[in-house]
1. Test each condition in (1) modelled with pLDDT of 95 or more; (2) surrounded by fewer than 24 Cβ atoms within 10 Å (Cβ to Cβ); (3) in a loop (DSSP other than H, G, I, E, B) for residue 237 and report the one that comes out false.
2. Specify the residue that is surrounded by the fewest Cβ atoms within 10 Å (Cβ to Cβ); the eligible residues are those in segment 292-320 that are touching a helix residue (DSSP H, G or I) at 6+ places or on another chain (Cβ under 6 Å) and part of a loop (DSSP other than H, G, I, E, B).
3. Residue 356 - would you say it is farther than 27 Å from residue 50 by Cα, touching a helix residue (DSSP H, G or I) at 6+ places or on another chain (Cβ under 9 Å) and buried (at least 16 other Cβ atoms within 10 Å of the Cβ)?
4. Is it the case that segment 358-372 has a residue that's in a helix (DSSP H, G or I) and within 28 Å of residue 404 (Cα to Cα)?
5. Could you grab me the full set of residues in segment 162-213 that are in a helix (DSSP H, G or I), surrounded by fewer than 19 Cβ atoms within 10 Å (Cβ to Cβ) and either without any contact (Cβ under 8 Å) to a residue 40 or more places away in the chain or within 21 Å of the chain's Cα centre (by Cα) (or both)?
6. Considering only residues that are under 21 Å from the mean Cα position of the chain (by Cα) and in a helix (DSSP H, G or I), look in segment 240-266 and name the one that is surrounded by the most Cβ atoms within 10 Å (Cβ to Cβ).
7. Given the conditions (1) under 28 Å from residue 37 (Cα atoms); (2) part of a loop (DSSP other than H, G, I, E, B); (3) without any contact (Cβ under 8 Å) to a residue 60 or more places away in the chain, and given that residue 88 satisfies all but one, which numbered condition is not satisfied?
8. For residue 33, only one of the following conditions fails: (1) surrounded by fewer than 23 Cβ atoms within 10 Å (Cβ to Cβ); (2) under 21 Å from the mean Cα position of the chain (by Cα); (3) free of Cβ contacts under 8 Å to residues at least 60 places away in the same chain. What is its number?
(Lines give C-alpha, C1' and ligand atoms only; values in the text may rest on other atoms or scores of the structure.)
Protein backbone atom coordinates (compact mmCIF):
# COMPACT_ATOMS: atom_id res chain seq x y z
CA UNK A 1 0.00 0.00 0.00
CA UNK A 2 2.83 2.38 0.89
CA UNK A 3 4.44 1.75 -2.51
CA UNK A 4 1.15 2.49 -4.30
CA UNK A 5 0.71 5.74 -2.37
CA UNK A 6 4.28 6.78 -3.20
CA UNK A 7 3.75 6.11 -6.92
CA UNK A 8 0.47 8.01 -6.88
CA UNK A 9 2.08 10.94 -5.08
CA UNK A 10 4.91 11.09 -7.63
CA UNK A 11 2.36 10.95 -10.45
CA UNK A 12 0.37 13.84 -8.99
CA UNK A 13 3.47 15.94 -8.32
CA UNK A 14 4.78 15.28 -11.82
CA UNK A 15 1.57 16.49 -13.40
CA UNK A 16 1.48 19.44 -11.03
CA UNK A 17 4.99 20.27 -12.23
CA UNK A 18 3.86 20.30 -15.87
CA UNK A 19 0.71 22.22 -14.98
CA UNK A 20 2.74 24.89 -13.18
CA UNK A 21 4.92 25.37 -16.26
CA UNK A 22 1.85 25.51 -18.47
CA UNK A 23 -0.11 27.87 -16.23
CA UNK A 24 2.53 30.60 -16.34
CA UNK A 25 1.23 33.16 -18.87
CA UNK A 26 3.21 33.11 -22.15
CA UNK A 27 5.18 36.18 -23.14
CA UNK A 28 3.48 36.42 -26.55
CA UNK A 29 -0.27 35.97 -26.72
CA UNK A 30 -2.14 34.28 -29.56
CA UNK A 31 -2.65 37.47 -31.55
CA UNK A 32 0.99 38.47 -31.20
CA UNK A 33 2.17 35.05 -32.34
CA UNK A 34 -0.10 35.38 -35.37
CA UNK A 35 1.54 38.73 -36.17
CA UNK A 36 5.01 37.21 -35.87
CA UNK A 37 3.98 34.43 -38.26
CA UNK A 38 2.52 36.94 -40.69
CA UNK A 39 5.76 38.94 -40.72
CA UNK A 40 7.74 35.75 -41.15
CA UNK A 41 5.64 34.42 -44.04
CA UNK A 42 5.77 37.77 -45.86
CA UNK A 43 9.32 36.86 -46.95
CA UNK A 44 8.24 33.69 -48.77
CA UNK A 45 7.93 33.57 -52.56
CA UNK A 46 5.68 31.38 -54.69
CA UNK A 47 8.76 29.92 -56.37
CA UNK A 48 9.86 28.35 -53.09
CA UNK A 49 12.65 30.80 -52.34
CA UNK A 50 12.65 32.64 -49.01
CA UNK A 51 14.09 36.12 -48.79
CA UNK A 52 16.57 36.53 -45.98
CA UNK A 53 15.20 40.08 -45.75
CA UNK A 54 13.37 42.50 -48.03
CA UNK A 55 16.34 44.88 -47.64
CA UNK A 56 18.05 45.29 -51.01
CA UNK A 57 20.42 48.15 -50.15
CA UNK A 58 22.49 48.96 -47.09
CA UNK A 59 22.55 46.04 -46.42
CA UNK A 60 21.51 43.91 -49.39
CA UNK A 61 19.96 40.73 -48.04
CA UNK A 62 17.63 40.27 -51.00
CA UNK A 63 18.72 36.68 -51.57
CA UNK A 64 17.75 33.16 -50.68
CA UNK A 65 20.41 31.99 -48.22
CA UNK A 66 20.51 28.19 -48.06
CA UNK A 67 21.03 28.23 -44.30
CA UNK A 68 18.31 30.73 -43.45
CA UNK A 69 15.76 29.14 -45.77
CA UNK A 70 16.37 25.63 -44.46
CA UNK A 71 15.86 26.75 -40.86
CA UNK A 72 12.74 28.66 -41.89
CA UNK A 73 11.28 25.74 -43.81
CA UNK A 74 11.91 23.32 -40.96
CA UNK A 75 9.56 25.46 -38.90
CA UNK A 76 6.98 25.12 -41.67
CA UNK A 77 7.53 21.35 -41.59
CA UNK A 78 6.86 21.42 -37.84
CA UNK A 79 3.55 23.18 -38.47
CA UNK A 80 2.59 20.84 -41.29
CA UNK A 81 3.35 17.79 -39.17
CA UNK A 82 1.33 19.18 -36.25
CA UNK A 83 -1.66 20.68 -38.05
CA UNK A 84 -1.67 19.33 -41.63
CA UNK A 85 -2.56 22.69 -43.16
CA UNK A 86 -2.68 22.65 -46.97
CA UNK A 87 -0.93 26.02 -47.31
CA UNK A 88 2.06 24.72 -45.35
CA UNK A 89 2.28 21.68 -47.60
CA UNK A 90 2.25 23.96 -50.68
CA UNK A 91 5.11 25.99 -49.20
CA UNK A 92 7.08 22.79 -48.65
CA UNK A 93 6.37 21.48 -52.14
CA UNK A 94 7.48 24.82 -53.60
CA UNK A 95 10.64 24.64 -51.51
CA UNK A 96 11.41 21.16 -52.86
CA UNK A 97 10.98 22.42 -56.44
CA UNK A 98 13.25 25.38 -55.71
CA UNK A 99 15.84 23.11 -54.14
CA UNK A 100 15.90 20.72 -57.07
CA UNK A 101 16.28 23.63 -59.45
CA UNK A 102 19.27 25.14 -57.67
CA UNK A 103 20.93 21.78 -57.05
CA UNK A 104 20.92 20.81 -60.72
CA UNK A 105 23.16 23.62 -61.98
CA UNK A 106 26.77 23.96 -62.93
CA UNK A 107 28.43 26.37 -60.53
CA UNK A 108 29.68 29.45 -62.41
CA UNK A 109 32.15 30.20 -59.61
CA UNK A 110 35.47 28.55 -60.50
CA UNK A 111 36.44 25.56 -58.41
CA UNK A 112 33.19 25.50 -56.44
CA UNK A 113 30.43 22.91 -56.07
CA UNK A 114 26.90 24.27 -56.43
CA UNK A 115 25.85 22.41 -53.26
CA UNK A 116 28.26 24.46 -51.17
CA UNK A 117 27.04 27.81 -52.51
CA UNK A 118 25.68 29.97 -49.68
CA UNK A 119 23.09 32.13 -51.43
CA UNK A 120 21.06 32.44 -54.62
CA UNK A 121 19.35 35.19 -56.57
CA UNK A 122 15.59 34.97 -56.91
CA UNK A 123 15.96 33.75 -60.49
CA UNK A 124 17.63 30.65 -58.93
CA UNK A 125 21.16 31.49 -60.12
CA UNK A 126 23.96 31.48 -57.55
CA UNK A 127 25.49 34.73 -56.38
CA UNK A 128 28.71 35.22 -58.34
CA UNK A 129 30.37 38.04 -56.41
CA UNK A 130 33.23 37.59 -53.98
CA UNK A 131 31.98 35.64 -50.95
CA UNK A 132 32.97 33.03 -48.40
CA UNK A 133 32.73 29.68 -50.19
CA UNK A 134 31.92 26.91 -49.56
CA UNK A 135 29.50 27.01 -46.62
CA UNK A 136 28.80 23.41 -45.73
CA UNK A 137 26.25 23.85 -42.98
CA UNK A 138 23.62 24.81 -45.59
CA UNK A 139 23.32 21.39 -47.28
CA UNK A 140 23.06 19.71 -43.86
CA UNK A 141 20.31 22.01 -42.63
CA UNK A 142 18.47 21.63 -45.93
CA UNK A 143 18.76 17.84 -45.81
CA UNK A 144 17.33 17.85 -42.28
CA UNK A 145 14.35 19.93 -43.37
CA UNK A 146 13.66 17.77 -46.41
CA UNK A 147 14.02 14.57 -44.37
CA UNK A 148 11.55 16.02 -41.88
CA UNK A 149 9.09 16.63 -44.71
CA UNK A 150 9.76 13.22 -46.27
CA UNK A 151 9.01 11.45 -43.00
CA UNK A 152 5.69 13.27 -42.67
CA UNK A 153 4.81 12.32 -46.25
CA UNK A 154 5.77 8.68 -45.68
CA UNK A 155 3.60 8.59 -42.56
CA UNK A 156 0.79 9.83 -44.80
CA UNK A 157 1.63 7.10 -47.36
CA UNK A 158 2.71 9.59 -50.01
CA UNK A 159 5.54 7.33 -51.11
CA UNK A 160 5.45 8.22 -54.80
CA UNK A 161 6.32 11.87 -54.25
CA UNK A 162 9.15 10.98 -51.87
CA UNK A 163 10.59 8.59 -54.44
CA UNK A 164 10.20 11.02 -57.34
CA UNK A 165 11.58 14.13 -55.67
CA UNK A 166 13.25 13.51 -52.33
CA UNK A 167 14.94 10.11 -52.13
CA UNK A 168 14.97 7.73 -55.07
CA UNK A 169 18.42 6.39 -54.28
CA UNK A 170 21.16 5.31 -56.62
CA UNK A 171 24.24 7.27 -57.60
CA UNK A 172 22.97 9.46 -60.43
CA UNK A 173 22.77 13.04 -59.05
CA UNK A 174 20.06 13.88 -61.59
CA UNK A 175 17.69 11.17 -60.34
CA UNK A 176 18.72 10.30 -56.77
CA UNK A 177 16.48 12.95 -55.18
CA UNK A 178 17.11 16.26 -53.44
CA UNK A 179 17.82 14.71 -50.05
CA UNK A 180 20.39 12.24 -51.29
CA UNK A 181 22.17 14.95 -53.30
CA UNK A 182 22.79 16.81 -50.05
CA UNK A 183 23.63 13.68 -48.04
CA UNK A 184 26.24 12.58 -50.56
CA UNK A 185 27.82 16.03 -50.46
CA UNK A 186 27.90 16.03 -46.65
CA UNK A 187 29.29 12.52 -46.39
CA UNK A 188 32.12 13.22 -48.84
CA UNK A 189 33.03 16.76 -47.80
CA UNK A 190 32.56 17.07 -44.02
CA UNK A 191 36.31 16.79 -43.37
CA UNK A 192 37.05 19.83 -45.54
CA UNK A 193 37.52 23.38 -44.33
CA UNK A 194 34.73 25.78 -45.15
CA UNK A 195 33.26 29.09 -43.99
CA UNK A 196 31.30 29.32 -40.77
CA UNK A 197 27.65 30.30 -40.47
CA UNK A 198 28.63 33.98 -40.04
CA UNK A 199 30.49 33.75 -43.37
CA UNK A 200 33.73 35.07 -41.91
CA UNK A 201 36.03 32.29 -40.70
CA UNK A 202 37.56 29.60 -42.91
CA UNK A 203 38.21 26.38 -41.03
CA UNK A 204 36.48 23.58 -39.13
CA UNK A 205 33.40 24.62 -37.13
CA UNK A 206 31.44 23.08 -34.27
CA UNK A 207 28.09 24.34 -35.58
CA UNK A 208 28.67 22.90 -39.05
CA UNK A 209 29.75 19.49 -37.81
CA UNK A 210 26.82 19.25 -35.39
CA UNK A 211 24.26 19.77 -38.14
CA UNK A 212 26.20 17.54 -40.55
CA UNK A 213 26.20 14.71 -37.99
CA UNK A 214 22.49 15.06 -37.36
CA UNK A 215 21.73 15.11 -41.09
CA UNK A 216 23.74 11.96 -41.71
CA UNK A 217 22.06 10.08 -38.86
CA UNK A 218 18.60 11.15 -40.02
CA UNK A 219 19.59 10.38 -43.61
CA UNK A 220 20.72 6.87 -42.65
CA UNK A 221 17.30 6.12 -41.17
CA UNK A 222 15.60 7.35 -44.32
CA UNK A 223 18.01 5.39 -46.53
CA UNK A 224 17.07 2.17 -44.72
CA UNK A 225 13.39 2.94 -45.24
CA UNK A 226 14.18 3.41 -48.94
CA UNK A 227 16.00 0.03 -49.01
CA UNK A 228 19.51 1.47 -49.37
CA UNK A 229 21.32 -0.34 -46.59
CA UNK A 230 24.74 0.38 -48.10
CA UNK A 231 24.14 4.11 -48.18
CA UNK A 232 22.74 3.99 -44.63
CA UNK A 233 25.85 2.20 -43.38
CA UNK A 234 28.09 4.76 -45.05
CA UNK A 235 26.19 7.74 -43.62
CA UNK A 236 26.26 6.21 -40.15
CA UNK A 237 30.00 5.60 -40.41
CA UNK A 238 30.64 9.21 -41.35
CA UNK A 239 28.40 10.38 -38.50
CA UNK A 240 30.43 8.26 -36.08
CA UNK A 241 33.63 9.85 -37.34
CA UNK A 242 32.13 13.32 -36.86
CA UNK A 243 31.09 12.35 -33.32
CA UNK A 244 34.71 11.58 -32.52
CA UNK A 245 35.96 14.72 -34.24
CA UNK A 246 33.56 16.95 -32.28
CA UNK A 247 35.62 16.26 -29.16
CA UNK A 248 38.40 18.27 -30.75
CA UNK A 249 36.35 21.41 -30.07
CA UNK A 250 36.58 20.94 -26.31
CA UNK A 251 38.86 23.44 -24.58
CA UNK A 252 39.82 21.35 -21.53
CA UNK A 253 41.73 24.16 -19.85
CA UNK A 254 38.72 26.50 -19.77
CA UNK A 255 35.98 23.88 -19.86
CA UNK A 256 34.43 25.42 -22.99
CA UNK A 257 33.56 24.59 -26.56
CA UNK A 258 35.58 26.37 -29.24
CA UNK A 259 33.43 27.51 -32.15
CA UNK A 260 36.28 26.91 -34.62
CA UNK A 261 39.37 24.75 -34.35
CA UNK A 262 42.59 26.69 -33.94
CA UNK A 263 44.69 27.84 -35.64
CA UNK A 264 42.64 29.57 -38.33
CA UNK A 265 43.15 32.73 -40.42
CA UNK A 266 40.64 34.84 -38.50
CA UNK A 267 38.98 36.85 -37.27
CA UNK A 268 40.47 35.64 -34.00
CA UNK A 269 38.04 35.32 -31.09
CA UNK A 270 38.63 35.36 -27.37
CA UNK A 271 38.77 31.65 -26.40
CA UNK A 272 36.92 31.02 -29.69
CA UNK A 273 33.73 31.95 -27.86
CA UNK A 274 30.73 32.25 -30.18
CA UNK A 275 26.95 31.97 -29.76
CA UNK A 276 27.05 29.66 -32.78
CA UNK A 277 27.93 26.90 -30.31
CA UNK A 278 24.54 27.19 -28.62
CA UNK A 279 22.84 27.35 -32.01
CA UNK A 280 24.70 24.19 -32.98
CA UNK A 281 23.31 22.38 -29.95
CA UNK A 282 19.73 23.44 -30.69
CA UNK A 283 19.79 22.82 -34.44
CA UNK A 284 22.26 19.95 -34.47
CA UNK A 285 21.66 17.69 -31.51
CA UNK A 286 20.33 14.34 -32.72
CA UNK A 287 18.19 13.72 -29.62
CA UNK A 288 21.07 11.96 -27.95
CA UNK A 289 23.75 12.81 -25.39
CA UNK A 290 26.33 14.14 -27.86
CA UNK A 291 26.64 17.78 -26.81
CA UNK A 292 23.06 18.08 -25.68
CA UNK A 293 21.79 21.29 -24.09
CA UNK A 294 22.51 19.96 -20.59
CA UNK A 295 26.16 19.20 -21.38
CA UNK A 296 28.56 20.86 -18.91
CA UNK A 297 30.84 22.23 -21.64
CA UNK A 298 27.84 23.82 -23.34
CA UNK A 299 26.65 25.31 -20.06
CA UNK A 300 30.10 26.75 -19.39
CA UNK A 301 30.20 28.23 -22.90
CA UNK A 302 26.81 29.86 -22.33
CA UNK A 303 27.97 31.34 -19.01
CA UNK A 304 31.22 32.64 -20.53
CA UNK A 305 29.35 34.28 -23.42
CA UNK A 306 26.86 35.84 -21.04
CA UNK A 307 29.65 37.30 -18.92
CA UNK A 308 31.30 38.81 -22.00
CA UNK A 309 28.12 40.33 -23.45
CA UNK A 310 27.12 41.72 -20.07
CA UNK A 311 30.33 43.77 -20.12
CA UNK A 312 30.58 44.53 -23.85
CA UNK A 313 27.06 45.86 -24.44
CA UNK A 314 26.23 48.99 -22.41
CA UNK A 315 22.53 48.31 -22.96
CA UNK A 316 22.89 45.21 -20.79
CA UNK A 317 23.96 47.29 -17.81
CA UNK A 318 20.52 47.35 -16.24
CA UNK A 319 19.75 43.72 -17.03
CA UNK A 320 20.45 41.07 -14.44
CA UNK A 321 19.70 37.38 -14.99
CA UNK A 322 18.95 37.73 -18.70
CA UNK A 323 20.80 39.89 -21.21
CA UNK A 324 20.88 40.60 -24.93
CA UNK A 325 23.27 38.27 -26.78
CA UNK A 326 25.39 38.95 -29.84
CA UNK A 327 27.42 36.70 -32.11
CA UNK A 328 30.82 36.74 -30.41
CA UNK A 329 33.02 39.06 -28.33
CA UNK A 330 34.96 41.33 -30.67
CA UNK A 331 32.37 41.24 -33.48
CA UNK A 332 32.86 44.20 -35.83
CA UNK A 333 29.71 43.91 -37.99
CA UNK A 334 27.02 46.40 -36.97
CA UNK A 335 24.43 45.43 -39.58
CA UNK A 336 25.81 47.84 -42.18
CA UNK A 337 29.61 47.81 -41.94
CA UNK A 338 32.26 45.30 -40.95
CA UNK A 339 34.65 47.79 -39.32
CA UNK A 340 32.42 48.89 -36.47
CA UNK A 341 31.13 47.40 -33.22
CA UNK A 342 28.91 44.34 -33.21
CA UNK A 343 25.53 44.52 -31.52
CA UNK A 344 23.07 42.17 -29.85
CA UNK A 345 21.00 40.10 -32.30
CA UNK A 346 17.35 39.10 -32.07
CA UNK A 347 18.30 35.63 -33.36
CA UNK A 348 20.76 34.97 -30.57
CA UNK A 349 18.74 36.42 -27.73
CA UNK A 350 15.83 34.19 -28.81
CA UNK A 351 18.30 31.30 -29.05
CA UNK A 352 19.05 31.70 -25.35
CA UNK A 353 15.32 31.51 -24.61
CA UNK A 354 15.08 28.28 -26.59
CA UNK A 355 18.20 26.98 -24.86
CA UNK A 356 16.63 27.43 -21.44
CA UNK A 357 13.31 25.90 -22.49
CA UNK A 358 15.20 22.95 -23.99
CA UNK A 359 17.09 22.39 -20.75
CA UNK A 360 13.74 22.33 -18.96
CA UNK A 361 12.49 19.72 -21.44
CA UNK A 362 15.48 17.48 -20.73
CA UNK A 363 14.68 17.28 -17.02
CA UNK A 364 12.32 14.48 -15.93
CA UNK A 365 8.94 15.49 -14.47
CA UNK A 366 9.88 14.74 -10.87
CA UNK A 367 9.25 16.69 -7.66
CA UNK A 368 12.95 17.32 -7.08
CA UNK A 369 13.23 18.99 -10.49
CA UNK A 370 10.28 21.34 -10.04
CA UNK A 371 12.31 24.34 -8.91
CA UNK A 372 14.94 23.94 -11.63
CA UNK A 373 12.35 23.49 -14.37
CA UNK A 374 10.56 26.61 -13.22
CA UNK A 375 13.85 28.52 -13.17
CA UNK A 376 14.59 27.54 -16.77
CA UNK A 377 11.07 28.53 -17.77
CA UNK A 378 11.42 31.90 -16.07
CA UNK A 379 14.75 32.59 -17.71
CA UNK A 380 13.42 31.61 -21.13
CA UNK A 381 10.46 33.91 -20.63
CA UNK A 382 12.75 36.75 -19.60
CA UNK A 383 14.76 36.44 -22.81
CA UNK A 384 11.55 36.61 -24.83
CA UNK A 385 10.47 39.65 -22.81
CA UNK A 386 13.69 41.39 -23.82
CA UNK A 387 12.86 40.71 -27.45
CA UNK A 388 9.33 42.00 -27.00
CA UNK A 389 10.69 45.14 -25.34
CA UNK A 390 12.98 45.96 -28.26
CA UNK A 391 10.43 44.93 -30.90
CA UNK A 392 7.22 46.43 -29.53
CA UNK A 393 5.50 46.37 -32.94
CA UNK A 394 6.69 42.76 -33.50
CA UNK A 395 8.76 43.72 -36.54
CA UNK A 396 12.38 42.69 -36.16
CA UNK A 397 15.50 43.75 -37.95
CA UNK A 398 18.73 41.84 -37.50
CA UNK A 399 20.32 43.72 -34.61
CA UNK A 400 19.69 45.91 -31.56
CA UNK A 401 22.04 48.85 -31.04
CA UNK A 402 24.40 48.09 -28.15
CA UNK A 403 24.01 51.59 -26.68
CA UNK A 404 20.48 52.90 -27.18
CA UNK A 405 18.49 49.81 -28.20
CA UNK A 406 17.14 50.99 -31.52
CA UNK A 407 16.93 48.31 -34.18
CA UNK A 408 19.40 48.31 -37.04
CA UNK A 409 20.60 46.20 -39.93
CA UNK A 410 18.51 44.24 -42.42
CA UNK A 411 14.77 44.92 -42.31
CA UNK A 412 12.30 42.28 -41.15
CA UNK A 413 14.90 39.50 -41.01
CA UNK A 414 13.39 36.07 -41.64
CA UNK A 415 15.72 34.30 -39.22
CA UNK A 416 14.81 36.74 -36.42
CA UNK A 417 11.20 35.59 -36.62
CA UNK A 418 12.20 31.95 -36.94
CA UNK A 419 14.32 32.14 -33.78
CA UNK A 420 11.51 33.68 -31.75
CA UNK A 421 8.88 31.27 -33.08
CA UNK A 422 11.19 28.30 -32.39
CA UNK A 423 11.62 29.49 -28.81
CA UNK A 424 7.85 29.80 -28.41
CA UNK A 425 7.43 26.25 -29.73
CA UNK A 426 10.09 24.97 -27.33
CA UNK A 427 8.15 26.49 -24.45
CA UNK A 428 4.93 24.91 -25.67
CA UNK A 429 6.62 21.49 -25.87
CA UNK A 430 7.58 21.71 -22.21
CA UNK A 431 4.03 22.77 -21.33
CA UNK A 432 2.46 19.81 -23.13
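1. With respect to (1) modelled with pLDDT of 95 or more; (2) surrounded by fewer than 24 Cβ atoms within 10 Å (Cβ to Cβ); (3) in a loop (DSSP other than H, G, I, E, B), residue 237 is out only on (3).
2. 294
3. yes
4. Checked segment 358-372: no residue is in a helix (DSSP H, G or I) and within 28 Å of residue 404 (Cα to Cα).
5. Hits for segment 162-213 are 164, 188, 189.
6. Among those residues, the one meeting the criterion is 249.
7. Failing condition for residue 88: (2).
8. Answer for residue 33: the failing condition is (3).
The values are calculated or read from the model by the stated rules, or taken from the named source; none is laboratory data. None of these values were measured; they are calculated from a predicted model. No Cβ is skipped: glycine too gets one built from the backbone with ideal geometry, and neighbour counts run over all protein chains shown.
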